[in-house]
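The block underneath contains the structure these notes are about, expressed in structure tokens.
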Amino acid sequence: MSWKGLLQEYRSFLPVTEQTPTLTLLEGNTPLVNCQRLSDQLGVELYVKYEGANPTGSFKDRGMVMAVAKAVEEGSEAIICASTGNTSAAAAAYAARAGLRCIVVIPEGKIAMGKLAQAVMYGAEIISIEGNFDNALQIVRNISEESPITLVNSVNPYRIEGQKTAAFEICDVLSGAPDVLVLPVGNAGNITAYWKGFKEYHEKKETGLPEMRGFQAEGAAAIVHDRVFESPETIATAIRIGNPASWRFAVEAAAESNGKIDEVSDEEILAAYRMLARKEGIFAEPASCASIAGLQKQLQSGEIQKGSRVVAVLTGNGLKDPTTAVETSVIKPVLLPMDEKIILDHLQGVSKP
Ligand code: F0G
């Protein structure tokens, strides 16, 4: 049976009615990849949920298909969001598909190139502000209250509904929840959605509950330090957020599940980013790799037990941010003359350029 997209596949768990349009780009059903080499190295049973395989390359498609379908159902003609890049890409794509106007507000100069390319291609109206994500979110919240434009950030409950389906997929593949779920935390919508998903599935199917372990970047670790970061900074621009909207729900998810919200440094994120690509052939964007960096940190501290079955959520595709890949990699192309003999000598270590 071919996959029909989230609204049809998980209809009974979602607020889908007779009036809800069957919007889809065939999102969801993303690979849960077993990482044998990293499992051996770390001493756990590691799987990654590769959300970069979604139609616009991130987990945002799960929430956006639901939010945009409901916007259409409710007669809205325009949607708006603030974004560090992925939300805007997903909003723009689903708005295009549904025939809605899409307005995105982004922090100037802090959007990865691939994400900007997407918003442009899908035809969004892009407003770039000299401020950060938190400032942008405040602006779009106010605008959506004052005008007939639907807000599609994760404060829109339909976003959370759509995103919770990733937890269902994990339980379906593993025949139950893992011991531990590790994931990056930005605005904290996704950790909220996963926890809701695991709880709902457990209630219906007794799939069990994982420890929820979320990771912020050190320069944007509001929840960890229990204070707003006025000027959040991190190389992982997707989670460059200083005042997460779903802060309270993230704290709840961690507390209820015996997990934790923790932080990782940019160096740890970049090391995990390279390790995952080199050891497993899996390219995820920097923010996504906060999950792997966090796993390493909490294995070292003993907070995560060796031998645990762990799922790391890789929220976005590595191709979203080619600039960080090229600029932070130690591998550079070797420039050689167009000469077979010289190239062969080079490969055999005979000559150096
Ligand atoms: N990973 C990636 C790749 C993201 O784009 C985001 C959030 C997160 C993790 C964190 O998820 O906000 O639900 O805690 N990106 C939003 C955006 C903020 O605008 O694209 P969260």
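Read-outs: derived from the displayed coordinates by stated rules, not from any lab. Note that the structure is a prediction, hence the values are computed from the model and not measured. Positions of Cβ are generated from backbone atoms using ideal geometry, with glycine treated the same way; all protein chains shown enter the neighbour counts.
Measure of size requested: the Rg and Dmax of the stretch 262-353, with Cα atoms as the atom set and Å as the unit; please supply both.
17.9, 55
Students often forget the sequence filter, so: which lysines lie under 20 Å Cα-Cα from Lys70 once same-chain residues fewer than 8 apart are removed?
Within the straight-line cut-off, Lys70 pairs with Lys4, Lys60, Lys164, Lys196.
Could you give P(r) for the chain, binned at 20 Å from zero, as whole percent values over all Cα-Cα pairs?
Calculated P(r), rounded to whole percents: 31, 56, 12, 1.
Past 20 Å, Cα to Cα, is the threshold; run Lys260/Lys306; Lys260/Lys297; Lys115/Lys297 against it and keep the listed order.
Details: Lys260/Lys306 17 Å; Lys260/Lys297 12 Å; Lys115/Lys297 29 Å.
Violating the 20 Å limit, Cα to Cα: Lys115/Lys297.
Give me the Debye-computed log₁₀ of I(q)/I(0) at q = 0.12 Å⁻¹ for the stretch 60-151, equal point scatterers on Cα only, no solvent, two decimals.
Cα-only, vacuum Debye calculation for the stretch 60-151: -0.31.
Say each of Glu146 and Arg97 gets a label point 7 Å from the Cα, pointing the same way as Cα to Cβ; how far apart are those two points in nm?
Distance between label points: 3.3 nm.
Exposed loop trypsin sites (Lys or Arg not before Pro) only (DSSP loop, at most 11 other Cβ atoms within 10 Å): please give the longest stretch of the chain free of them, not including the sites. Mind dumping the intermediate values first?
Details: sites that count: Arg227, Lys306.
Of all site-free stretches, the longest is 1-226.
How much length is gained if the chain between Ser175 and Glu203 is pulled fully straight, taking 0.36 nm per residue apart and subtracting their Cα-Cα distance, in nm to one decimal?
Working: separation 28, 0.36 × 28 = 10.08 nm, distance 1.46 nm.
Residue separation times 0.36 nm, minus the Cα-Cα distance, leaves 8.6 nm.
Would you mind checking the tilt of helix 290-300 against the longest principal axis of the Cα atoms of the chain, expressed as 0 to 90 degrees and rounded to 10?
The two axes meet at around 70 degrees.
For a Förster distance of 25 Å, can you work out the FRET efficiency between the beta-carbons of Gln300 and Glu327, rounded to the nearest 0.05? Intermediate values should be presented prior to the final figure.
Values: r = 28 Å, r/R0 = 1.11.
That gives a FRET efficiency of 0.35.
For the stretch 123-212, what ratio Rg/Rh do Cα atoms give with a Kirkwood hydrodynamic radius?
Details: Rg = 16.6 Å, Rh = 15.0 Å.
Rg divided by Rh gives 1.10.
With angles folded into 0 to 90 degrees, how steeply does helix 86-98 sit against the dominant principal axis of the chain? Use alpha carbons for both and round to 10.
On a 0 to 90 degree scale, this one is about 50.
Extension gain Lys4-Glu74, at 0.36 nm per residue separation less the Cα-Cα distance, in nm?
Working: separation 70, 0.36 × 70 = 25.20 nm, distance 2.29 nm.
So the extension gain works out to 22.9 nm.
If you average the sequence gap of Cα pairs under 8 Å that are 6 or more apart and divide by the length of the stretch 60-151, what percent do you get for the contact order? If you can, show how the numbers build up before the last one.
Working: 154 pairs, mean separation 29.4, N = 92.
Reported relative contact order: 32 percent.
Run the numbers for Thr17 and Ile129: contour at 0.36 nm per residue of separation, minus the present Cα-Cα distance, in nm. Can you show the working numbers first?
Working: separation 112, 0.36 × 112 = 40.32 nm, distance 3.75 nm.
Net length gain for the segment: 36.6 nm.
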